[in-house]
Amino acid sequence: MASESSSLAGLTIATRLIEIGRQFHTRGWALGTSGNFSAVVSDDPLRLAITVSGADKGALGHRDIVEIDSNCQVVSGVGRPSDEAQLHVAVVKDRGAKAVLHTHSVWSTMLSEVCAANGGVSIEGYEMLKGLGGIRTHEHREWIPIIDNSQNMGELSHQVTETLERNPEAHSFLLRRHGLYTWGNDLAEANRHVEILEFLLEVTARTGGLGGG
């Protein structure tokens, strides 16, 4: 019965990840094969449903979602999980997140380069900040750390963990010249965080953030 419940949960999560992928593609946040999305199916043992590598996010199907364990090994489904699966696992372990979403929008990618010398992007004073988990005032200052990108996923996941531990209040981070990572207590919250952060990053860029300040 437990196995059957887990399978049903995985199917529901996969369907939602497919919907999110198509939505993000339509909004220009995950064009082509960019981006990757995951959600926790079970905590003990840890199982994540995650998009496979190289999947077109505007045409995702159930074949494009696999289930992995804490070592990023496929335990259900066919295909190779996203190359960045280790980063998803790192976020889940450090933040206790139930969902991790990664987008490649124009604005997040540009800011991740322009603001790299500052070590991150600072955003404050916007009403939309109140859409982030635990934030109750527009006077909040949100710091989005920037991490240099790498194809060495073991090393990069270690950098992600170190960055999260140095920035316990952060709701997201940027990979340089790559894009945005955010998470949530469930897929709904993670999805909301993407919407809020993509809005704020675009506003920041359009109002002077691309000047490097």
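Can you confirm whether the range 125-135 contains a residue that is aromatic (Phe, Trp, Tyr) and within 20 Å of MET110 (Cα to Cα)? No - not one qualifying residue is present in the range 125-135. Within the range 27-46, residues that are surrounded by 15 or more Cβ atoms within 10 Å (Cβ to Cβ) have Cβ atoms under 8 Å from residues that are acidic (Asp, Glu) and in a strand (DSSP E or B) in these pairs: VAL41/GLU67, counting only partners at least 6 apart in sequence or on another chain. Yes or no: the range 123-130 includes at least one residue that is closer than 29 Å to ASP56 by Cβ, at pLDDT 95 or above, surrounded by 15 or more Cβ atoms within 10 Å (Cβ to Cβ) and touching a helix residue (DSSP H, G or I) at 6+ places or on another chain (Cβ under 9 Å). So far as the range 123-130 goes, no, none of its residues is closer than 29 Å to ASP56 by Cβ, at pLDDT 95 or above, surrounded by 15 or more Cβ atoms within 10 Å (Cβ to Cβ) and touching a helix residue (DSSP H, G or I) at 6+ places or on another chain (Cβ under 9 Å).
Residue-by-condition table, conditions (1) of a type outside the set (Asp, Glu); (2) under 17 Å from ALA117 (Cβ atoms); (3) modelled with pLDDT under 95:
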position	(1), (2), (3)
VAL160	yes, no, no
ARG166	yes, no, no
HIS171	yes, no, no
GLY179	yes, no, no
GLU198	no, no, no
ARG206	yes, no, yes
GLY209	yes, yes, yes
GLY212	yes, yes, yes
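In the condition set (1) at pLDDT 95 or above; (2) over 22 Å from LEU180 (Cα atoms); (3) out of contact with any Lys or Arg (no Cβ under 9 Å at 6 or more places or on another chain); (4) of a type outside the set (Phe, Trp, Tyr), GLU67 is compliant with all but (3). Mind listing just one residue for me: the one in the range 47-72 that is touching a Gly at 6+ places or on another chain (Cβ under 8 Å) and β-branched (Val, Ile, Thr) and, of those, surrounded by the fewest Cβ atoms within 10 Å (Cβ to Cβ)? Filtering the range 47-72 for residues that are touching a Gly at 6+ places or on another chain (Cβ under 8 Å) and β-branched (Val, Ile, Thr), the one surrounded by the fewest Cβ atoms within 10 Å (Cβ to Cβ) comes out as VAL52. Condition first: surrounded by 13 or more Cβ atoms within 10 Å (Cβ to Cβ), free of Cβ contacts under 8 Å to residues at least 24 places away in the same chain and β-branched (Val, Ile, Thr). Can you find one or more residues in the range 73-90 that meet it? Yes: one or more hits.
Among the residues of the range 61-70, those identified as out of contact with any helix residue (DSSP H, G or I) (no Cβ under 6 Å at 6 or more places or on another chain) and over 15 Å from SER42 (Cβ atoms) are GLY61, ARG63, ASP64. Evaluated against (1) over 19 Å from LEU164 (Cβ atoms); (2) in contact with a strand residue (DSSP E or B) (Cβ under 6 Å, 6 or more places away or on another chain), GLY54 falls short on exactly one condition, (2).
Would you confirm whether any residue within the range 112-125 is hydrophobic (A, V, I, L, M, F, W, C), under 29 Å from ALA14 (Cα atoms) and touching a Phe, Trp or Tyr at 6+ places or on another chain (Cβ under 8 Å)? Checking the range 112-125: not a single residue is hydrophobic (A, V, I, L, M, F, W, C), under 29 Å from ALA14 (Cα atoms) and touching a Phe, Trp or Tyr at 6+ places or on another chain (Cβ under 8 Å). Here ALA188 fulfils each of the conditions (1) at pLDDT 95 or above; (2) closer than 21 Å to TRP29 by Cα; (3) surrounded by 21 or more Cβ atoms within 10 Å (Cβ to Cβ); (4) of a type outside the set (Ser, Thr, Tyr) apart from (3). Restricting attention to the range 137-163 and to residues that are in contact with a Cys (Cβ under 9 Å, 6 or more places away or on another chain) and assigned to a strand (DSSP E or B), the residue that is surrounded by the fewest Cβ atoms within 10 Å (Cβ to Cβ) turns out to be ILE146. For the range 178-210, filtering for residues that are assigned to a loop (DSSP other than H, G, I, E, B) and within 15 Å of the chain's Cα centre (by Cα) leaves 3. Is it the case that GLU113 is acidic (Asp, Glu), in contact with a Lys or Arg (Cβ under 7 Å, 6 or more places away or on another chain) and in a helix (DSSP H, G or I)? Yes.
The values are calculated or read from the model by the stated rules, or taken from the named source; none is laboratory data. Given the structure is predicted, the values throughout are model-derived calculations rather than measurements. Don't worry about glycine lacking a Cβ; one is built from the backbone with ideal geometry, like all the others, and counts go over all protein chains shown.
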